[in-house]
């Protein structure tokens, strides 16, 4: 049995590979990453030392862990490589060049060029921003609830559109957002659902913009997404619309929230 763990800022994701079968688990992240935390996680999963052969870790301050846990070797994986290898594995990517956007508490962009992974950069805007702002604005940090609220709301109650403020700009659709939340300058009372819709749209537009810019930089026409924020439909809808502006396609698959843990596991076997 091999175990891959991604210690994220918000969630700790774990993938167990045992005789060709993978199982997936998630726990709330803790401030300290140490062997006591491993004790707690493995105890909750009813795992014994005799069952575990190898542990691979990535994310957070996982490099602070010792080289082994109860004589079980710990392989420490750079997060950039975990993101890239995880995406390559879950999407079965065969292209010579590709871009992956990891949508977690923050957002990171990774490229694969000439057989090597590169960190293209990242932004501090992500799931943590979404939860923090929604907690302030609509009194909830539950991402699924915000997603549901967004579908019942109208983002145009708060967002200003291109067609509302200027004449034609090139080929831009008049329904494209010109300014997020700008209508809140003049009014203070909005439905929570409208606020949620605007917030989720803004999140998707920011992530989508950084995604297509990096795709154009690398010279590819698609972006592979991993991470939990990409599970939120109202966010991915905004991502997709933003990518369409640049002729770039988004790609999503199941278990993408566990990509980093899967990527760390790949370092326990020869690279494909």
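Coordinate-derived values only; no laboratory data. None of these values were measured; they are calculated from a predicted model. Every residue, glycine as well, gets a Cβ built from its backbone with ideal geometry; the counts of neighbours run over all protein chains shown.
Could the peptides 16-24, 106-114 be put in order, highest first, of the mean number of other beta-carbon atoms found within 10 Å of their residues?
Details: 16-24: 12.0, 106-114: 20.2.
Ranking, from highest mean packing down: 106-114, 16-24.
Can you give me the distance in nm between label points at residue 209 and residue 151, each placed 7 Å from the Cα along the Cα-to-Cβ direction?
2.7 nm
Order of 67-74, 156-163 by packing, highest average Cβ count within 10 Å first? Walk me through the intermediate numbers first.
On the way: 67-74: 12.9, 156-163: 17.8.
Ranking, from highest mean packing down: 156-163, 67-74.
Mind ordering 35-45, 122-132 by average Cβ neighbours within 10 Å, highest first?
Numbers: 35-45: 14.2, 122-132: 18.2.
In descending order of packing, they fall as 122-132, 35-45.
Between residue 40 and residue 96, how high is the FRET efficiency from 1/(1 + (r/R0)^6) when r is the Cβ-Cβ distance and R₀ = 35 Å? Nearest 0.05. Numbers along the way, then the final one.
On the way: r = 42 Å, r/R0 = 1.21.
So the FRET efficiency works out to roughly 0.25.
I'd like the orientation of helix 35-44 relative to the chain: the angle between its Cα long axis and the longest Cα principal axis, in ° from 0 to 90, rounded to 10.
80 degrees
Specify whether the C-alpha gyration tensor of the stretch 1-78 places it in the rounded, prolate or oblate class, a ≥ b ≥ c being the square roots of the eigenvalues: rounded for a/c under 1.5, otherwise prolate if a/b is larger than b/c and oblate if not. Numbers along the way, then the final one.
Details: a/c = 1.43, a/b = 1.23, b/c = 1.16.
Here the stretch 1-78 falls in the rounded category.
I'd like the orientation of helix 233-244 relative to the chain: the angle between its Cα long axis and the longest Cα principal axis, in ° from 0 to 90, rounded to 10.
Result, in degrees: 70.
Beyond 17 Å, what share of the Cα-Cα pairs of the stretch 123-256 is found? Please give it as a whole percent.
Values: 5291 of 8911 pairs.
Counting pairs separated by more than 17 Å, the tail of P(r) holds 59 percent.
Measure nothing fancy, just the Cα-based angle from helix 192-218's long axis to the longest principal axis of the chain, in degrees from 0 to 90, nearest 10.
With rounding to tens, the tilt is 70 degrees.
For the chain, what is the percent of antiparallel DSSP beta bridges, rounded to the nearest 5?
Values: 31 of 45 bridges.
Around 70 percent antiparallel, to the nearest 5.
If you work out Rg/Rh (Cα atoms, Kirkwood Rh) from the coordinates, which of (1) 0.99; (2) 1.02; (3) 1.09 do you get?
Label (2) holds the value from this structure.
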